Amino acid sequence: MPQAPDRTRGIGELLRDLANSSTELLREEVRLARLELSAIVGNVARGSAAVALGGVLLLLGGLSLATGLVLLVGDQWLPRDRYWLAAFVIMVTTGALAAWFAKRGAAQLSPSRLAPDQTLETLKEDKAWLKQQLTSGATSN
């Protein structure tokens with residue numbers, strides 16, 4: 001839509017061109033945002049699948065390790081091949097370890113640990129400063 005340089009345009013025409021250009025710019029920005037979001041969603045999906053697969057493989061490896069420990073303890077350290085006792089000892093040990101991790105994780109997720117303490121403190125300081133500025137400005141007039 002280039003105009004001839006010698007022609008003067010009225011304010012209405014300029015506003016109409018501005019509105020049309022702004023609309024087109026907004027449409028292009030929305031299109032770009034959609035493209036970027038679809039790329040991000042694709043990356044998140046692929047990353048989540050990889051993490052899930054890694055978790056399943058880690059779980060299978062942990063089960064294999066626990067089975068091996070049961071066999072080792074039952075064969076080597078317990079009399080007369082008491083595998084049930086070895087399995088019980090391994091279950092109690094891993095259960096205690098799991099409970100310890102769960103308690104520690106729950107403590108990390110408690111609301112008091114998740115609060116942005118420094119931000120809250122600076123907001124309180126800003127509020128006090130603003131209140132002081134407002135009261136000192138009101139009394140100086």
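Worth pointing out:
The rows are residues; the columns are (1) open to solvent by 80 Å² or more (accessible area, probe 1.4 Å); (2) at pLDDT 90 or above.
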{"position": "Ile11", "(1), (2)": "yes, no"}
{"position": "Ala19", "(1), (2)": "no, no"}
{"position": "Val44", "(1), (2)": "yes, yes"}
{"position": "Gly54", "(1), (2)": "no, yes"}
{"position": "Trp77", "(1), (2)": "yes, no"}
{"position": "Leu85", "(1), (2)": "no, yes"}
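- For Thr94, the stated conditions do not hold, so it cannot be described as β-branched (Val, Ile, Thr), free of Cβ contacts under 8 Å to residues at least 40 places away in the same chain and exposed (fewer than 10 other Cβ atoms within 10 Å of the Cβ).
- Neighbours by Cβ (under 8 Å, 6+ apart or cross-chain): first from the stretch 100-120, without any contact (Cβ under 8 Å) to a residue 40 or more places away in the chain; second assigned to a helix (DSSP H, G or I) and open to solvent by 100 Å² or more (accessible area, probe 1.4 Å): Ala107/Arg113
- If you go through the stretch 56-67 and pick out every residue that is modelled with pLDDT of 95 or more and open to solvent by less than 60 Å² (accessible area, probe 1.4 Å), you end up with 1.
The values are calculated or read from the model by the stated rules, or taken from the named source; none is laboratory data. These numbers come from a predicted model, not from an experiment. Note that each Cβ is placed from the backbone with ideal geometry, even for glycine, and that neighbours are counted across all protein chains shown. Side chains included, ligands, DNA and RNA excluded: accessible areas come from the protein's heavy atoms. Shrake-Rupley method; radii C 1.70, N 1.55, O 1.52, S 1.80 Å.
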